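What follows draws every value from the coordinates through simple rules; no lab data is involved. Everything numeric here is computed off the predicted structure, so don't read it as measured data. Because the Cβ atoms are built from the backbone with ideal geometry, glycine has one as well, and the counts that use them run over all protein chains shown.
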Amino acid sequence: MNELVDKFNAVPANQRYVGLVIAVLAILALFWFVFYSPTLDEINQQKQKVDALQREKQSLAEFKRRKATVLAELENLSSQLTEAQDKLPKGAEIPSLLQRIHNQAKTAGLEIKRFQRKPDTPKDFYVEIPVEMELAGTYDNLADFFFYVGRMTRIVNVSDISMKRKDSNIDGTGALVVKANAKTFRDKSDAEMAPAKKGKRGRK
């Protein structure tokens, strides 16, 4: 051991300093490559994983927010669809609907001279059901009838209204003969919608 120390002391000082620097650098290099660099790589990998998980968490939070929005929109659309279907009945309900309109006229005190269903008129997504009416009664009777029809759940439009006195001799009752066209609507059946869908596919 003493011989080793003596040999070290025999080396010139500047060479000893150089040797010490080289030794320190060698130790630092060994520490870098063996310990620090792998640890730094592991830290970077873990940081990348954390960043990826954080992005995934944000994406999931955004998806959850959008899901809630989409579900709310779907619920709103479902409610609107139900309301629209209530206003556009299926074909099987039309006779009873027309009967209700007929009954509303009687309830209003109108004399029904004519109540005739005309041929249906198909549109893109629904079918118009026109009815020609000829009614007799007073202004008040007519106003009550329009009021009753306006409160019906189903859509019923009354147009082309013409009025004249019931007879040439005005008897003080204000009796009128009213001609009008009532128009209600129904939803198209799947079978009725099928030709339109085929036509659209054929044009593509």
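Take the range 99-120 and flag every residue that is aliphatic (A, V, I, L, M), over 43 Å from the mean Cα position of the chain (by Cα) and not in a loop (DSSP other than H, G, I, E, B).
ILE112 - this is the single residue of the range 99-120 that is aliphatic (A, V, I, L, M), over 43 Å from the mean Cα position of the chain (by Cα) and not in a loop (DSSP other than H, G, I, E, B).
Inside the range 121-154, can you point out the residues that are outside any strand (DSSP E or B), surrounded by fewer than 16 Cβ atoms within 10 Å (Cβ to Cβ) and in contact (Cβ under 8 Å) with a residue 40 or more places away in the chain?
ASP124, PHE125, MET152, THR153, listed by residue number.
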